Amino acid sequence: MSVLVFADSSEGKFKKSAFEVVSYGKKIAEQLGSNVVAVTINVADASELYTYGAEKVVSVSNDQITTFNAKAYASVLKQIASKENASAVIIDSSIDGLYLAPMVAVNLEAGYASNVVALPSSTSPFTVKRKAFSNKAFSNTIISTDVKIIGLAKNSFGVHENPVSGTTESFDAQITDADLGVKSVSVDKATGKVTIADADIVISAGRGLKGPENWGMIEELAEVLGAATACSKPVSDLGWRPHGEHVGQTGKPVASNLYIAIGISGAIQHLAGINASKVKVVINTDPEAPFFKAADYGIVGDAFEVVPTLIEKLKAFKQS
Amino acid sequence: MKILVCISHVPDTTSKINFKENDTKFDANGVQFVINPYDEFSLTRAMWFKEKQGATVTVVNVGNATTEPTLRKALAIGADDAIRVNTEALDGFLVAKQIAEVVKKGDYDLVLAGRESIDYNGGMVPGMLASILDFNFVNGCIGLEIDGDAATASREIDGGNEKISTNLPLIIAGQKGLVEEKDLRIPNMRGIMMARKKPLSVIEPVEVSSQTATTSFEKPAAKGAVKLVDADNVDELINLLHNEAKVI
Ligand SMILES: Cc1cc2nc3c(=O)[nH]c(=O)nc-3n(C[C@H](O)[C@H](O)[C@H](O)COP(=O)(O)OP(=O)(O)OC[C@H]3O[C@@H](n4cnc5c(N)ncnc54)[C@H](O)[C@@H]3O)c2cc1C
């Protein structure tokens with residue numbers, strides 16, 4: 001028996017979530033008294049995963065799947081799960097992970113819980129806590145099948161070092177034409193920008209900024225902090241910012257360490273999507289704005305005065 | 001083209017979420033139910049195919065009779081007919097299995113669903129459905145064109161988007177971008193009147209056991225009060241974020 005962990009990568013480099021799922025998989029394997037096996041696809045050197053407890057890495061190199069392909073990846077995971085006699089498969093609940101996991105579940109006739117936020121509270125019955133109602137609640141869910149699929153919510157468990165002397169085995173995955181029924185034609189991605197999914201810090205701005213011409217200071221603040229930029233829904237609906245920046249209940253979820261909301265009122269739908277962030281800061285002229293009830297720190301003030309000062313002071317702070 | 005749109009019946013986004021019976025059940029008391037916002041984008045795209053390319057649009061829900069007003073609303077927006085599979089939606093797998101039967105019987109070419117439903121946020125049904133039926137599948141879809149059997153789609157990825165080519169039969173899990181917010185339709189009086197006469201068939205479920213069960217719910221721990229920092233004292237905010245919260 002083993003706990004299989006999918007360590008996702010992009011262009012041969014592990015995503016940050018890969019280290020979190022391996023750390024998590026290691027702990028579940030301890031709970032179940034089994035071993036953790038990490039799966040990588042097209043990563044030349046997977047030894048980085050040993051640091052987080054992966055005793056064994058199964059490495060797949062295949063030039064038919066040089067970019068993410070959910071169906072083909074699901075088939076690869078099924079083949080390896082059968083070979084390794086996996087009793088649990090851990091996949092991150094990222095955009096790609098959420099695409100992949102339900103297909104793996106059906107392939108393995110396994111029950112699946114997504115957006116899980118903690119280690120199982122019990123292994124018999126196998127019970128996990130997951131997000132529900134867009135971060136307004138959690139549900140405790142029993143998975144009753146022999147094989148369990150767990151989708152791990154970002155930043156919920158953390159990355160924990162647990163060095164082992166691991167080994168890497170290569171695996172020759174069989175990919176059929178049917179597995180490649182969905183083909184990637186092209187990818188359009190801002191290069192050199194931190195993504196909302198990967199970011200430790202997210203700087204988000206709302207309608208309080210008055211117009212798209214005022215986003216220069218938001219981008220500058222993000223740059224100083226190495227942060228991603230985000231926005232409220234009306235801002236993307238108005239075309240001030242791209243849809244990809246829309247966060248909240250009907251946009252992207254945010255689970256960063258720090259979320260700074262500037263000129264955002266804090267509507268229930270906005271808060272639902274960003275509540276999983278650890279520390280929240282609000283800057284708003286209106287002391288009655290609902291965001292102040294959800295935030296850890298707040299400044300009642302005009303963004304056009306506070307943000308430039310904050311940038312200047314942060315630059316000095318970073319230099320000291 | 002025969003299109004099936006999966007409609008989830010969910011609490012309105014402004015709902016206060018409460019539980020009853022020792023936190024084992026969602027308390028629907030005083031809650032307004034709506035078409036799941038993600039499904040609305042998909043339904044609107046389906047209407048576009050119907051009007052521009054000639055398609056029939058059926059909507060389906062797996063649930064008990066309380067979901068029928070939500071299906072009627074989808075009919076009022078313009079779907080041709082509705083199907084309700086008469087069973088409790090116990091988990092994503094059970095729902096996917098029931099819808100798979102509907103797809104097989106009705107020979108649909110295109111199934112449009114939402115990326116997730118905003119109640120249980122599982123995000124499982126479309127992907128499971130695709131695997132059960134062995135159809136192609138695009139998740140997080142933000143653009144879809146169909147030409148004969150060929151489909152071009154885009155999906156959201158971290159930090160951008162990806163263009164995809166694939167073929168029918170196809171499952172799509174949509175979100176904003178599939179159509180724009182301003183294109184969403186509010187049912188008008190005529191639509192509502194017509195919806196009353198459109199067929200809504202109730203079919204009995206196939207035998208499937210669920211794979212997961214929710215035993216209880218919890219609310220997030222109450223949050224402490226916000227620490228306010230004076231607008232003239234931005235240094236203090238930096239100090240707190242660095243020394244107290246340790247996030248910068
Ligand atoms: C079905 C549904 C789904 C939704 N999903 C989402 C979602 O996913 N994400 C989302 O964000 N919203 C969502 N919404 C919209 C949500 O209800 C709010 O309308 C939206 O979040 C408000 O955006 P805002 O805070 O930018 O704008 P506003 O509510 O207009 O707030 C602007 C804020 O800026 C402040 N302000 C003004 N001037 C300044 C200044 N100079 N300096 C500092 N502050 C200033 C104001 O005091 C105010 O608080 C959804 C709504 C519905 C109905």
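The values are calculated or read from the model by the stated rules, or taken from the named source; none is laboratory data. All values derive from a computational prediction rather than experimental measurement. With ideal geometry, Cβ positions are generated from the backbone for all residues, glycine too; neighbour counts draw on all protein chains shown. The area values use the complete protein model at the heavy-atom level, side chains included, leaving out ligands, DNA and RNA. Shrake-Rupley method; radii C 1.70, N 1.55, O 1.52, S 1.80 Å.
Rounded to the nearest 10 degrees, the angle from helix A:70-83 to the longest Cα principal axis of chain A is 40 degrees. To the nearest ten degrees, helix A:303-319 and the longest principal axis of the Cα atoms of chain A are 60 degrees apart. Computing FRET efficiency as 1/(1 + (r/R0)^6) for B:Trp48 and B:Asn243, where r is the C-beta to C-beta distance and R0 is 41 Å, gives about 0.15. Rolling a 1.4 Å probe over the protein heavy atoms gives segment B:1-126 an accessible area of 37 Å² per residue.
In this simple spin-label approximation, A:Arg207 and A:Glu288 carry label points 7 Å from Cα along the Cα→Cβ vector, and these lie 1.6 nm apart. With K and R counted +1 and D and E -1, the other residues having a Cβ less than 12 Å from that of A:Lys83 yield a net charge of -1.
Under a model in which nothing but the beta-carbon of Lys, Arg (+1) and Asp, Glu (-1) is charged, segment B:2-220 shows a dipole of about 740 debye around its Cα centre. The mean sequence separation of alpha-carbon pairs under 8 Å and at least six residues apart, normalised by the residue count of segment A:2-180, gives a relative contact order of 28 percent. Would you please state which residues of segment A:274-301 a label at A:Asn257 would reach in this model, taking the label point 7 Å out along Cα→Cβ and a backbone N cut-off of under 13 Å? The answer is A:278-279, whose backbone nitrogens lie closer than 13 Å to the label point.
Rolling a 1.4 Å probe over the protein chains gives A:Tyr50 an accessible area of about 40 Å². One decimal place: the segment B:Thr215-B:Asp81 gains 44.7 nm when fully extended, by the rule 0.36 nm per residue minus the C-alpha distance. Taken along the Cα-to-beta-carbon direction at a fixed 7 Å, the label points for A:Glu220 and A:Val185 span 4.0 nm. The phi-based Karplus calculation (6.51 cos²θ - 1.76 cosθ + 1.60; θ = phi - 60°) puts the 3J(HN,Hα) values of segment B:69-80 at x, 5, 5, 4, 5, 5, 5, 5, 6, x, 4, 7 Hz, whole numbers, x for Gly and Pro. The residues of segment A:201-319 expose, per residue, 36 Å² of accessible area to a 1.4 Å probe. Rg ratio for segment B:2-220: its Cα radius of gyration over 2.2 N^0.38 Å, N being its residue count, equals 0.99. Stretching B:Leu184 away from B:Glu207 to a fully extended chain increases their span by 4.7 nm, per 0.36 nm per residue minus the current alpha-carbon distance.
Using the Cβ-Cβ distance between B:Lys104 and B:Lys197 with R0 set to 35 Å, the FRET efficiency from 1/(1 + (r/R0)^6) comes to roughly 0.80. The B and A chains share an interface that buries close to 6600 Å² of accessible area, total over both sides, probe 1.4 Å.
A loss of 40 Å² or more of accessible area (1.4 Å probe, protein heavy atoms, ligands and nucleic acids excluded) relative to the isolated chain is seen in these residues of segment A:71-95: A:Lys71, A:Ile95. On the protein assembly as shown, 49 percent of the accessible area sits on carbon and sulfur atoms, based on a 1.4 Å probe. Taken per residue, the accessible surface of segment A:2-180 reaches 35 Å², heavy atoms only and a 1.4 Å probe. Based on Cα atoms of the protein assembly as shown, Rg over Rh with Rh as the Kirkwood radius reads 0.96.
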